[in-house]
Structures are given as C-alpha cells and as structure tokens.
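Below is one structure, written out as structure tokens; the observations come after it.
The values are calculated or read from the model by the stated rules, or taken from the named source; none is laboratory data. This one's a predicted model, so the numbers in the text were calculated from it and none came from an experiment. Cβ: placed from backbone, ideal geometry, glycine included. Neighbour counts: every protein chain shown. Side chains included, ligands, DNA and RNA excluded: accessible areas come from the protein's heavy atoms. Shrake-Rupley method; radii C 1.70, N 1.55, O 1.52, S 1.80 Å.
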Amino acid sequence: MDIILASGSPRRRELLASAQVDFEVMSVDIDETPKADESPSVYIERMVATKAQAAIWQLGTMSKDHQLAQSKTLSKHYLILTADTIGVLPDGKTVLVKPQDREHAYAMWQQMSASTHQVWTAVQATLIDQSMNLLWQQRILERTDVTFVPLTAAMMTAYWDSGEPADKAGGYAIQGQAAAWVSTIHGSYTNVVGLPLAQTLALIKQAEAYVY
C-alpha cells in the first residue's frame, strides 16, 4: 500500500515524516472558495473530500512510466491522505485566514487577545486500488482550543516585523515565535501545526487492516 499525502504543506510533511511513515507527496490544486452560509466544519470537510477527488483524478491520468516515485512501480493500493486546517474565532463562525496585510493581522490578533479560539482540522483517508476504485474511506474532524495571553501593540508589531505571520492562517505559527502568546491549549498540539498526528496514524492503521 502506497501512502500519498495530497498536500503542499511542509508542516504536514514534517509531521508525518517524524512518525517514520513512508509516503509520497502530491500537490493538488482546487477551488478553496467558501460557499455562502457554509459553516467552518462543513467547509473543511468539503475541502478534504474535494482534494481527495483531485488526487484520484491525477493518479488516474498517470501512465506506468510516470515518475510518482523514483524507485517504485505502480502499487496495488493507494491510501490518499488529505487535510485542511482553519482557525475559528470564539463566535464559532468567523474563520481565521492568512492576513492580507499588517492591519488585517492586527484586527485578527485583537480578537484573539486574552481569549480562546479554535483550530479545526479535517483529515480524510481514501483507500483505492490501481483501477481507481474506492475501497474504503474515513474522515475525522479534530478541534483544539487555544487561549492567547493579552497582546500588546508592541508584541504584535514585533511579531509582524519578524515576517513569520504573513502566510499563516490566523497570522501565527504555534511552532514558531507565537508559542509565547499561548497560555493554554486543550487538544492536539499537532492539530494546531496542521495535522493531528496521532489521529492520522490511527487512520493509516485502519487502512492497513483493511488491506492486509
């Protein structure tokens, strides 16, 4: 069984590699525009399902001599892992996105200051055979509560000037300098980084049990 991480996120690659999982990476390009009145949980579950469909389509268009992996031939089974992570403000509706500029980042941080927001990750495991037939599929939704300390203007300015927040959802990386902003965390830490690792490994074991 070949495991394919259909994600361009370097953080997800690092987390999965840290568990000594043998996998290949496949980036998929999909429309990530939220639908009107779509709840955060429905949105990310739709994203992982759409990413899986895109990955299956890409695999189906590959010929046997296509270089999916340098030393591997086509497998009898593929396990496609897709994930999507978002931050949600305490109202449970407002999604934390990548900041457009300094002012946008400050506006988000002010709402997160001295309060608890949530980080949600949807992970889908899709098992297919070499004919692209669906054999098994499972999806999970993991939520972690993150509480920030009160943020001062000086703290926000220093963090923005570091360059770290620019491409991060919610404008922060818990594994980076923003770790100093976190007073408490309830739930999976790796979920906040981008992939709930223990839960993802459990999905892989379920797929292996199905195959073997």
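Looking across the stretch 44-98, just one residue is closer than 21 Å to VAL211 by Cβ, β-branched (Val, Ile, Thr), open to solvent by 20 Å² or more (accessible area, probe 1.4 Å) and modelled with pLDDT of 85 or more, and that is ILE56.
Among the criteria (1) closer than 21 Å to SER7 by Cα; (2) surrounded by fewer than 19 Cβ atoms within 10 Å (Cβ to Cβ), the one GLN111 does not fulfil is (1). The sole residue among GLY194, GLY187, GLY171 that is in contact with a strand residue (DSSP E or B) (Cβ under 6 Å, 6 or more places away or on another chain) and either buried (at least 20 other Cβ atoms within 10 Å of the Cβ) or at pLDDT below 95 (or both) is GLY194. Counting only helices (runs of 4 or more DSSP H) wholly contained in the stretch 109-212, the ones carrying 1 or more residues that are farther than 30 Å from MET62 by Cβ and more than 22 Å from the chain's Cα centre (by Cα) occupy 153-162. Can ALA125 be described as free of Cβ contacts under 8 Å to residues at least 24 places away in the same chain and among the hydrophobic types (A, V, I, L, M, F, W, C)? Taking the combined requirement at face value, the residue does not satisfy it.
Scanning the stretch 131-148 finds one or more residues that are open to solvent by 20 Å² or more (accessible area, probe 1.4 Å), of a type in the set (Ser, Thr, Tyr) and at pLDDT 95 or above.
One residue stands out among those in the stretch 22-38 that are open to solvent by less than 60 Å² (accessible area, probe 1.4 Å) and in contact with a helix residue (DSSP H, G or I) (Cβ under 7 Å, 6 or more places away or on another chain): the one that is farthest from GLN130 (Cα to Cα), which is ILE30.
Number of residues in the stretch 127-167 that are of a type outside the set (A, V, I, L, M) and closer than 19 Å to SER41 by Cα: the value is 7.
Across the stretch 1-12, the number of residues qualifying as closer than 23 Å to ALA209 by Cα and either open to solvent by 30 Å² or more (accessible area, probe 1.4 Å) or without any contact (Cβ under 8 Å) to a residue 60 or more places away in the chain (or both) comes to 1.
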